[in-house]
1. Grab the strands (runs of 3 or more DSSP E) fully contained in the range 1-98, keeping just those with 2 or more residues being hydroxyl-bearing (S, T, Y).
2. Could you check the range 104-126 and list, in sequence order, the residues that are free of Cβ contacts under 8 Å to residues at least 60 places away in the same chain and either within 29 Å of G91 (Cβ to Cβ) or under 13 Å from the mean Cα position of the chain (by Cα) (or both)?
3. Being assigned to a loop (DSSP other than H, G, I, E, B) and modelled with pLDDT of 95 or more is the filter here; which residues of the range 328-345 pass it?
4. Please work out which residue is surrounded by the most Cβ atoms within 10 Å (Cβ to Cβ), limiting yourself to the range 44-77 and to residues that are under 17 Å from G11 (Cβ atoms) and within 45 Å of the chain's Cα centre (by Cα).
5. Residues of the range 236-293 being under 46 Å from the mean Cα position of the chain (by Cα), closer than 15 Å to A192 by Cα, outside any strand (DSSP E or B) and modelled with pLDDT under 90, which ones?
6. Being outside any helix (DSSP H, G or I) and either within 30 Å of K206 (Cα to Cα) or not charged (D, E, K, R) (or both): is that true of S297 here?
7. Suppose the filter is at pLDDT 90 or above and either surrounded by 13 or more Cβ atoms within 10 Å (Cβ to Cβ) or under 14 Å from the mean Cα position of the chain (by Cα) (or both); does D182 pass it?
8. If you take the residues in the range 170-194 that are small (G, A, S) and assigned to a loop (DSSP other than H, G, I, E, B), which one is nearest to L258 (Cα to Cα)?
Amino acid sequence: MLRSMYAGVSGLNTHQQMMDVTGNNIANVNTIGFKSSRVTFKEMLSQTLKGASRPSDNGERAGTNPQQIGLGVGIGSIDSDMSSGNLQSTGKNSDVAIQGDGFFVLQDENGNTSYSRAGNFGFDAKGNLFSLSTGLQVIGAVDNLDDNQETNPISLAPSIMQKATNDVSIGGNLNKSLEDLDTRTVSTDIIAEDNSSYTLEMTYTKNSDDDWTGTGKLIAEDNSETQLEFGSAATDFNITFDSDGKIITGDFQSTSNLSGVIGNDVTIDLASLTQIAADSDINFSDVNGYKKGDLESFSFDENGYITGSYSNGLSEASARIKLVNFSNPAGLNRKDGVFTESVNSGEPQNTFPGSGGTGNLAPSTLEMSNANLSQEFTNMITAQRGFQASSKLITTSDEMLQELVNLKR
């Protein structure tokens, strides 16, 4: 009698815990990156009333099976379902989902590491990438975008400082068929150390076959002009070509008057300039340097690179999201909406999206909960029925005990 009552009590406890797990799954059916759980039961230790007996050697007596009474039910396991949830497009460029088995790496202000599948991220006022769900910073590579062992908080610079122009290449062709004293002019913008811009204008005048003279000037934003000096303070320089139209002279560095205007010397390379009997098409084939730019937008790509687009027209990949995977992800501990490493999860294996089995990233997308609502409703009804049956078992056992008590009256 007491055994049946104990079995009923254990049934109440286990079915209540099943309902607790089911309720948590249902409550998190719309939680980003949520991984559902399931409960399995196991029979409690059985009490043996009579052990098994073996058949007699002469075959006159058959063997008998053991007589055992179970002592109720207990929780066999609470398993985490680590399968991927459905992906939902959001159109928000700071959202990202993992198309594989990896985890994002998060870190608090004390350096404690946790892991998540929820990719609803944002940038704070200091440019740090953080999880909107937890407030934890996202970890990745910043110094070396190919080093998956790097563990730095990801941030995007709100601006990139100017880089003064120090190298200019001029290419194309000067028409060999032009008349003497014919000119061709080409111009481009260059950047000074103080972030101001100037127009560098170069003019080429034909002297004779295979011989040209070059001059240059800087035009400031206020339209003031500075004549460039070349060599020993000369305001022009000579360019010569061989019979095949290849340049013989023409690689030089401007003198200090250019440095005095923009703050640094500029090397002007004419090595790719040609002179053949074809239309002139001289151009600035390469000009380095850029103005200061403010961050205007950013984007993630499938390999984890975070690229910032700046007001000066530059786009720069300045960080890369890191992922980790585990040999037993179901062994991770759950804590405040994130996962933490346990003794049975295995150690985190650092990698980048698209390698190590972690899967690529899906930008502007979120992974939703993997809880199956229809299955959870079925589980809820099953738990309710089991609870009711266990309750009935207790009341029936109690009535039988009451009958036993009444025997002495």
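1. 37-43, 73-80
2. Passing the criteria: Q107, F121, G122, D124, A125, K126.
3. N328, L332, E341, S342, V343, N344, S345, listed by residue number.
4. The residue in question is V73.
5. Step one: of the range 236-293, the residues under 46 Å from the mean Cα position of the chain (by Cα) are 251-254, 258-273, 281-293.
Pick out the ones that are also closer than 15 Å to A192 by Cα and you get 254, 258-267, 287-293.
Okay, now just the ones that are also outside any strand (DSSP E or B), so 254, 258-266, 288-289, 291-292.
Listed by number, the residues that qualify are S254, L258, S259, G260, V261, I262, G263, N264, D265, V266.
6. Values: outside any helix (DSSP H, G or I): yes; either within 30 Å of K206 (Cα to Cα) or not charged (D, E, K, R) (or both): yes.
Yes: the conditions hold for S297.
7. Details: at pLDDT 90 or above: yes; either surrounded by 13 or more Cβ atoms within 10 Å (Cβ to Cβ) or under 14 Å from the mean Cα position of the chain (by Cα) (or both): yes.
Yes; evaluated as a whole, the condition is true for this residue.
8. So the first thing to find is which residues in the range 170-194 are small (G, A, S), and the list is 171-172, 177, 187, 192.
Imposing the further condition that a residue be assigned to a loop (DSSP other than H, G, I, E, B) reduces the set to 177, 192.
Working: S177: 33, A192: 10 Å.
Filtering the range 170-194 for residues that are small (G, A, S) and assigned to a loop (DSSP other than H, G, I, E, B), the one nearest to L258 (Cα to Cα) comes out as A192.
The values are calculated or read from the model by the stated rules, or taken from the named source; none is laboratory data. Computed from a predicted model, the values in this text were never measured in an experiment. Backbone-built Cβ (ideal geometry, glycine too); neighbour counts: all protein chains shown.
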